[in-house]
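Inspection log for the structure reproduced underneath, given as structure tokens.
Quick note: the coordinates plus some simple rules give every number you see, no bench work behind them. Predicted model only: the values in this text are computed from it and were never measured. Positions of Cβ are backbone-derived with ideal geometry, glycine not excepted, and every protein chain shown enters the neighbour counts.
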Amino acid sequence: MIIYDTKLEKKVELRPQDGRILRMYTCGPTVYNFAHIGNLRTYVFEDLLRRTILFSGMKLLHVMNLTDIDDKTIRSSMAAGVPLKVFTGEFAEAFFEDLRELNIQPAEIYPAATDHVEEMIGMIDSLLNKGYAYTSEEGNVFFRISKFKEYGALSHLCLDDLKVGASNRVNVDEYDKENLSDFALWKAYDPVNDGNVFWEAPWGRGRPGWHIECSAMAIKYLGETIDLHVGGIDNMFPHHENEIAQSEACTGKCFSRHWMHAYHLIVEGKKMSKSLKNFFTLRDLLSKGYTGREVRYLLLSTHYRTQLNFTFEGLDGARQTLRRIDDFIDRLENIRGKSENECDVTALVSELKKGFTEEIFDDLNISAAISHLFDFIRKVHSENDLGKIGEKQAQTVLAALKELDQVLGVMEREQVAIPKEVNQLFEEREVARKKKDWALSDKLRLQIEGLGFVVEDSRSGSCVKKKLD
């Protein structure tokens with residue numbers, strides 16, 4: 001399996017360092033609001049990556065953090081008049097609801113920052129003792145970037161060119177520093193802005209900075225050197241750069257062997273913004289009648305290192321594409337018995353698996369992988385329309401689709417129960433067709449449609465299913 005390593009700026013083979021379990025860390029949500037589709041694009045990419053790793057046969061230990069302590073969570077919980085843990089807990093559950101709706105596989109571990117402050121304090125203490133950090137007069141603790149000579153190796157930026165507050169995350173520049181590029185490891189307690197949220201540390205009361213949270217949790221659960229760190233391109237600098245600096249300064253070891261980053265999402269050609277009214281959460285899209293499955297397909301169908309332009313036309317296209325797959329599966333599932341002049345689909349299935357696997361293992365080349373799938377559907381459709389697909393061949397094709405869906409995660413559908421009345425009408429119509437009573441057959445078809453279902457006829461047989469909007 002080949003990936004593009006952001007730090008090395010080239011493709012490399014992905015293997016577990018211990019030869020057994022790949023250890024992967026992905027940056028999770030800051031749980032102060034609902035995730036927007038830009039966030040979800042990254043989570044869907046990470047799910048595709050996770051599924052591909054497992055599909056390759058590697059074992060995986062995946063950790064995704066929950067940031068439940070920072071300026072935004074504290075400020076928002078205070079404004080709502082709700083305790084921090086209760087406030088963030090509600091949005092954490094909303095995040096997990098989104099994952100389920102998008103058929104995103106859960107990580108093995110979801111550590112919350114507030115449960116690991118002790119580990120963060122331990123790291124900061126070590127950095128202070130080694131001279132990589134210092135305490136200000138106000139009780140803040142900063143990382144001394146000038147002492148870490150490799151700073152900028154991930155983002156390929158020169159330290160002299162770095163700007164203050166480049167993270168747009170918190171107004172850290174209000175804190176006193178030795179150097180304007182230094183970042184906060186610990187923030188002194190401010191009763192006005194922090195309410196009753198604080199922890200006790202050897203250097204004073206306060207709370208951890210954002211960057212130290214991920215380092216402490218990644219090291220605790222995955223070890224001092226992890227195999228793969230993943231996130232959105234917006235986190236590469238300064239967040240991931242700062243993670244590397246503080247982690248490697250603390251342990252003296254490589255923090256992550258490989259790095260992968262997903263590119264931005266724009267909406268209708270513009271940056272997503274509430275003022276432009278093009279800011280959407282998954283709940284917004286569901287309220288418009290779209291499904292999580294349709295959103296998932298659209299978000300994964302563009303390569304992760306390509307900017308994705310989210311449009312409702314594209315979402316409608318995802319709906320049509322999935323219906324094409326659904327129709328194909330429905331026809332196969334309704335094939336019964338042996339067909340005359342049966343073709344052998346073994347070669348087609350083998351060609352599909354080979355092409356799909358080669359592309360998805362090449363840095364998640366999803367567009368090419370999906371093109372192999374639709375070439376396969378077209379070819380099998382052609383054979384099916386000629387009546388050359390029997391039940392045995394249909395089951396072989398369905399098994400292949402199920403295998404590839406371990407990676408895609410888009411073929412599972414909510415099963416719609418066919419009412420007894422509709423099944424009865426369908427059976428009567430089948431009898432009428434055998435008797436070549438076409439008038440009765442058409443009458444029964446209209447009755448079925450009146451109940452919200454449709455009948456589809458093909459060479460391989462007929463089936464009834466729910467009428468789509």
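A few points about this structure:
- Shape descriptor for the range 241-302: Rg over Rh equals 1.20 (Cα atoms; Rh from the Kirkwood inverse mean 1/r).
- Residue (of Gly152, Phe87, Ile325) at the positive-pole extreme of the chain, dipole from beta-carbon charges: Ile325
- To the nearest ten degrees, helix 346-360 and the longest principal axis of the Cα atoms of the chain are 20 degrees apart.
- Averaged over residues, the count of other Cβ atoms within 10 Å places the peptides 194-205, 252-263 in the sequence 252-263, 194-205, highest first.
- Length-normalised contact order of the range 420-466 in % [C-alpha pairs under 8 Å, at least 6 apart]: 29
- The range 420-466 has equivalent-ellipsoid semi-axes of 15, 12, 9 Å, by the square roots of 5 times the alpha carbon gyration tensor eigenvalues, sorted largest first.
- Stokes-Einstein D (µm²/s) once Rh is taken as the Kirkwood radius of the range 192-277 over alpha-carbon pairs, at 25 °C in 0.890 mPa s: 158
- Sequence-distant residues sharing a close amide H with Ala133 (under 5 Å, placed H): Leu128, Arg144
- For Phe279, the residues whose modelled amide H falls within less than 5 Å of its own, excluding neighbours fewer than 5 places apart on the same chain, are Ser273.
- Between the alpha-carbon centres of the range 283-321 and the range 12-91 there is a gap of 21 Å.
- Values of log10 I(q)/I(0) for the chain across q = 0.06, 0.09 Å⁻¹ run -0.35, -0.70, by the Debye formula with one identical scatterer at each alpha carbon and no solvent.
- About the Cα centre, charge dipole magnitude for the chain (Lys/Arg +1, Asp/Glu -1 at Cβ), debye: 1300
- C-alpha long axis of helix 210-222 to longest principal axis of the chain, angle in °: 70
- Radius of gyration (Cα atoms) of the range 282-408, expressed as a multiple of 2.2 N^0.38 Å: 1.17.
- Charged-residue dipole, Cβ positions (Lys, Arg, Asp, Glu), the range 420-466 about Cα centre, Debye nearest 20: 120
- Within the chain, percent of DSSP bridges classed antiparallel, to nearest 5: 50
- With contacts taken as Cα pairs under 8 Å and at least 6 residues apart, the chain reaches a relative contact order of 16 percent.
- Relative contact order (percent, whole number), the range 3-110, Cα cutoff 8 Å, 6+ residue spacing: 32
- One compactness figure for the range 304-364 is 1.61, namely its Cα radius of gyration divided by 2.2 N^0.38 Å.
- Cross-link check: pairs Lys220/Lys253; Lys85/Lys277; Lys354/Lys402 evaluated at a Cα-Cα cut-off of 24 Å; pairs beyond the cut-off: Lys85/Lys277.
- For the chain, the mean residue ellipticity at 222 nm estimated from helices alone is -14000 deg cm²/dmol, where every DSSP H run of n ≥ 4 contributes -39500 (n - 2.57) and the total is divided by all residues, rounded to the nearest 500.
- Scalar couplings 3J(HN,Hα) for the range 122-129, obtained by applying the Karplus form with A = 6.51, B = -1.76, C = 1.60 to θ = phi - 60°, are x, 5, 5, 4, 5, 5, 5, 5 Hz; x denotes Gly and Pro.
- Between 0 and 90°, nearest 10: helix 37-55 axis offset from the chain longest Cα axis: 70
- Compactness of the range 45-112, taken as the C-alpha radius of gyration over 2.2 N^0.38 Å, stands at 1.37.
- Taking each of Lys72/Lys274; Lys270/Lys379; Lys353/Lys467; Lys59/Lys288; Lys274/Lys466; Lys338/Lys466 in turn, the alpha-carbon distance tops 29 angstrom for Lys270/Lys379; Lys353/Lys467; Lys59/Lys288; Lys274/Lys466.
- Rounded, prolate or oblate (a/c below 1.5 giving rounded, otherwise prolate when a/b exceeds b/c) for the range 2-262 by Cα gyration tensor: oblate
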